[in-house]
Structure formats: C-alpha cells, structure tokens
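Engineer: Just passing along the structure, written as structure tokens.
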Amino acid sequence: MLIEQTPLAGVLVLTPKRFGDARGFFCETFSARSFAQNQLNFDFVQDNHSLSQAVGTIRGLHFQAPPHAQDKLVRCGRGRLWDVAVDIRKGSPTYGQWFGTELSFENGRQLLIPAGFAHGFITREPSTEIIYKCTDYYAPQSEGTIRWNDPDVAIDWALAEGVEPVLSQKDAEAGRFADLDSPFIWDGGS
C-alpha cells in the first residue's frame, strides 16, 4: 500500500495495490496487519456506504465530538468524488486549513481522516458511491456540521458552471466556522 503524507498532519492518502488480469482486479482495501506495520493503529467498528445520484451532491462538512469522535477511512466504490478534510483541532498550526483529493473507482485511492477533522465531499459523476470505515458508532447527539461554503475555510469545490449543489437541509443550515467551539484540542503531534 502506498502511503502519502498531506499538508495536514495525520491526514493520509492511501493507495492499495491492485492485482489485475483479464478478469479485472483484486485489492485489499484494509488490512489491520498492514496498518499496524505502518503505525496506523485504528480500531474500526462500523462501515458506511452512501449513494449520491446527482453530480454536485455535497455532503458535509461533518464530524462527531468526543466521546464519540470518529477516525475515518474513506474510499469511492463507484464514480468519482472530491473528498475534503478540514483541521478543527484548536491550537493546531493548520487549524482551519483544508486538504482535498479526488477519490474514484478508477484510482482506488483512500483518505484516512483522523478525529479532529471535519469531513465532506462533492460528487463528480452520477450515481457515485462512497464507502468508509469509522472507529466509533454513529451518535447523533455528538454530531457537528460546518457550512460547506464557509468563506473562512474557503474550500475550492470546483463546482462545475451551471451546477447547483445538492444539499441536505442539515448541511444547508450548518453553522459558520468562526462560530465553531471545537471540542478538539491539538496535542502537539499528528
């Protein structure tokens, strides 16, 4: 597995090796042994799978606060999406900064997003599926959201001209980054 650092400490791009032949390909999208060998110690307890029908569907920016904070391992099962992590750890040198990368069925890339980061994505193809592992169960009472188009974060979603974003009511009504009282504190490490 190829592991690439990003400008946000702890956020990694992982690309599993694919073994292909005339039938298609095979790859391990997750291996606890491989993670442990690379000092990636995560105890994933839940897998999630969502389908977004329309191009321009935006989901996020989401996070869960402690004690139900989640680390996530995100990949695209079908289609193509732009996946984004935003550092919301108070005191972090990259607080409020974001990193984005394209995840697609074709490239097989995954984004590892530790707790302390908000997560969101926009679909680039119709019928795009996102599949992700979490280290804690969904806990609606711990859920937080930040407005997807917050000017203080200034994510470049590269929304195609003439495409209106498709949002849930929760995401359309999300709060501003400036008003966030983040429950996450940077510990000086990753």
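Engineer: At what distance in angstrom do the alpha carbon centres of the stretch 20-59 and the stretch 114-179 lie from each other?
Structural biologist: Centre-to-centre (Cα) distance: 19 Å.
Engineer: Please list, in order along the stretch 168-184, the HN-Hα scalar couplings obtained from phi with the Karplus expression 6.51 cos²θ - 1.76 cosθ + 1.60 (θ = phi - 60°), rounded to whole Hz, x for Gly and Pro.
Structural biologist: 6, 4, 4, 6, 5, 9, 4, x, 7, 4, 4, 8, 6, 9, 4, x, 9
Engineer: Take every Cα pair under 8 Å in the stretch 82-190 that's 6+ residues apart, average their separations, divide by the length, and report that relative contact order as a whole percent.
Structural biologist: RCO, the stretch 82-190: 33 percent.
Engineer: Which whole-number percent gives the relative contact order of the chain, counting Cα pairs below 8 Å spaced six or more residues apart?
Structural biologist: Details: 421 pairs, mean separation 55.6, N = 190.
Computed over the chain, the figure is 29 percent.
Engineer: Convert each backbone phi in the stretch 21-30 into a coupling constant with the Karplus relation 6.51 cos²θ - 1.76 cosθ + 1.60 (shift: θ = phi - 60°), then list the ³J(HN,Hα) values in order as whole Hz, x for Gly and Pro.
Structural biologist: Rounded to whole hertz, the list is 8, 4, 7, x, 8, 9, 8, 8, 7, 8.
Engineer: In debye to the nearest 20, how big a dipole does the chain give about its Cα centre with +1 on each Lys and Arg Cβ and -1 on each Asp and Glu Cβ?
Structural biologist: 500 debye
Engineer: If you don't mind, there's one more thing I want to ask. Report the Stokes-Einstein translational diffusion coefficient (µm² s⁻¹, integer) for the stretch 54-112, Rh taken as the Kirkwood radius over Cα pairs, at 20 °C with viscosity 1.002 mPa s.
Structural biologist: D = 165 µm²/s.
Engineer: Collect residues whose amide H, placed 1.01 Å from N in the peptide plane, falls under 5 Å from the amide H of residue 184; neighbours closer than 5 in sequence don't count.
Structural biologist: Residues meeting the amide H criterion: 90.
Engineer: Among 142-150, 23-31, how do they line up from the highest to the lowest mean number of other beta-carbon atoms within 10 Å? Write down the numbers at each step before the final one.
Structural biologist: On the way: 142-150: 18.4, 23-31: 11.2.
In descending order of packing, they fall as 142-150, 23-31.
Engineer: Just to be sure I understand: if I project the alpha-carbon convex hull of the chain onto a plane and average over all orientations, what area do I get in nm²?
Structural biologist: For the chain, averaging the hull's shadow over all directions gives 11.3 nm².
Engineer: With both bridge residues required to lie in the chain, what share of the DSSP beta bridges run antiparallel, to the nearest 5%? Show your work: numbers first, answer last.
Structural biologist: Values: 48 of 52 bridges.
Of all bridge pairs located within the chain, approximately 90 percent are antiparallel.
Engineer: At 222 nm, what helix-only mean residue ellipticity would the chain give, in deg cm²/dmol to the nearest 500, using -39500 (n - 2.57) for each DSSP H run of four or more?
Structural biologist: -1000 deg cm²/dmol
Engineer: Let me check something: with ligands and nucleic acids excluded, how do 132, 95 order by accessible area (1.4 Å probe), largest to smallest?
Structural biologist: Numbers: 132 50, 95 80 Å².
Reading off the accessible areas and sorting them downward yields 95, 132.
Engineer: What is the packing order of peptides 182-189, 62-69, taking the mean over residues of other C-beta atoms within 10 Å and listing the highest first? Could you put the intermediate results ahead of the total?
Structural biologist: On the way: 182-189: 14.6, 62-69: 17.8.
The densest-packed peptide leads the list: 62-69, 182-189.
Engineer: Same structure again: In percent, how large is the relative contact order of the stretch 1-93, given Cα pairs closer than 8 Å and 6 or more residues apart?
Structural biologist: 14 percent
The values are calculated or read from the model by the stated rules, or taken from the named source; none is laboratory data. This one's a predicted model, so the numbers in the text were calculated from it and none came from an experiment. With ideal geometry, Cβ positions are generated from the backbone for all residues, glycine too; neighbour counts draw on all protein chains shown. Accessible surface areas use protein heavy atoms only, side chains included; no ligands, DNA or RNA. Shrake-Rupley method; radii C 1.70, N 1.55, O 1.52, S 1.80 Å.
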